[in-house]
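Heads up, the thing below is written out as structure tokens.
The values are calculated or read from the model by the stated rules, or taken from the named source; none is laboratory data. If you're wondering where the values come from, they're calculated on a predicted model, not measured in any experiment. Here Cβ is always computed from backbone atoms with ideal geometry, including for glycine, and neighbour counts include all displayed protein chains. Only protein heavy atoms, including side chains, enter the accessible area calculation; ligands, DNA and RNA are left aside. Shrake-Rupley method; radii C 1.70, N 1.55, O 1.52, S 1.80 Å.
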Amino acid sequence: RQSEDLQEVNRKLSNPVSDVWALFTEFDLSFSGGDVNRGSDEVGGRMLFQPIMPIPLYGEGKDEWKVITRPTLPILFSQPVPTGFDQFTHLGGLGDLQLPTLIAPPTGKLIFGLGPDWLFPTATRAEFGRQQWGVGPSGVLGYVTKEFTAVVLPQYYFGIGGWGDKPDASYLNLLYAFIYHLPGGWDIGTNPSIT
């Protein structure tokens, strides 16, 4: 029975519109090569802090409508920033906060949600953000079974004001995931993201 409970919790954690609150962190290393530096790549690191917070709107149980918020706050560690040809400084700080807000109706095995996405200029350094407010649509579409979860989460941002000499934002973030549920509450899968 305990194994079945773990599997159910694991399936809910894989479903971005489930009723489970969760705190996710992701750690990334980046390697900056190219024409700006000779020799070895410059290495940087960041952590993405992503809590998932479903809030009930209407109904109960399987008939419940929810508002899902999934803020993403990048925390950068030793990020390489070019200061000239083959010269870098390594800086740390916060990036811009992204806040998708989805309305998710009860859909059974189908995963579905739509709503606005907000971009807040919270970057502590000009190199880490857009210095611009933003808004746009976000959504989620997928399918969940006992064996797998497949989902795609597109987000699009339009700049709506800011400062500095950067052009208005207009860009897409797309995360897609396929997760295969193994016995005992284990998963194996992939969740690449395209910007």
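Values computed for the structure shown
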read-out	value
The range 18-51: number of residues that are of a type in the set (A, V, I, L, M) and either more than 20 Å from Trp186 (Cα to Cα) or at pLDDT below 85 (or both)	5
Hey, Glu64 modelled with pLDDT of 90 or more, acidic (Asp, Glu) and in contact with a strand residue (DSSP E or B) (Cβ under 6 Å, 6 or more places away or on another chain) or not	yes
Out of Leu29, Leu102, Leu73, Leu57, sole residue that is touching a Gly at 6+ places or on another chain (Cβ under 8 Å) and open to solvent by 70 Å² or more (accessible area, probe 1.4 Å)	Leu29
Pair list, Cβ < 8 Å and 6+ apart or interchain, from the range 108-130 residues that are loosely packed, with under 14 Cβ neighbours inside 10 Å to residues that are of a type outside the set (Phe, Trp, Tyr) and part of a helix (DSSP H, G or I)	Gly108/Lys62
Criterion violated by Asp86 - all others in (1) more than 27 Å from Gly189 (Cα to Cα); (2) buried (at least 18 other Cβ atoms within 10 Å of the Cβ); (3) of a type in the set (Asp, Glu) satisfied	(2)
Out of Thr89, Thr72, Thr83, sole residue that is of a type in the set (S, T, N, Q) and out of contact with any Ser or Thr (no Cβ under 9 Å at 6 or more places or on another chain)	Thr72
Failed criterion for Gly92 (all others in (1) open to solvent by 60 Å² or more (accessible area, probe 1.4 Å); (2) modelled with pLDDT under 90 hold)	(1)
Output for the range 16-26, where each listed residue is within 27 Å of Gly45 (Cα to Cα) and open to solvent by less than 30 Å² (accessible area, probe 1.4 Å)	Pro16, Ala22
